[in-house]
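The structure under discussion appears below in the form of structure tokens.
Any read-out appearing in this document is the output of simple, stated calculations on the displayed coordinates, not a laboratory observation. Model, not experiment: these values are computed from the prediction. Note: ideal-geometry Cβ built from the backbone for every residue, glycine included; neighbour counts use all protein chains shown.
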Amino acid sequence: MTISPEPLSVRFDDHCLWVELDDGRTIGAPIAWFPRLLHASEVDRSAFFLSRDGIHWEGLDEDISIAGLLAGRGDRMGVHKAAA
């Protein structure tokens, strides 16, 4: 059984979501991979909670797993668009 690192913090810049992990890594993914986050306000983006295996935005109905980020997977429900 593989143990996944846990998220410690989340931040955004103009184009990326950044997640600091408890193993010392910081991983990033384009916000464009997650249309709900791409189109969300800064207030809505900041309203998340961390679990052992990912990040959840209740108000946006968005869940991002650490395993998915590490594998380079975005939102599989929508088409990945370039961030404007």
Handout entry: Positions within the range 37-52 being touching a strand residue (DSSP E or B) at 6+ places or on another chain (Cβ under 6 Å) and surrounded by fewer than 17 Cβ atoms within 10 Å (Cβ to Cβ), in sequence order
Key = 49, 50
Problem - Scope the range 5-45; condition among the polar types (S, T, N, Q) and either in a strand (DSSP E or B) or touching a helix residue (DSSP H, G or I) at 6+ places or on another chain (Cβ under 9 Å) (or both); matching residues - result: 9, 26
Handout entry: Subset of the range 58-76 (residues that are within 17 Å of residue 39 (Cβ to Cβ) and of a type in the set (Val, Ile, Thr))
Key = 64
Problem - Selection count where residues are over 11 Å from residue 10 (Cβ atoms) and either surrounded by 15 or more Cβ atoms within 10 Å (Cβ to Cβ) or in contact (Cβ under 8 Å) with a residue 40 or more places away in the chain (or both), scope the range 53-62 - result: 3
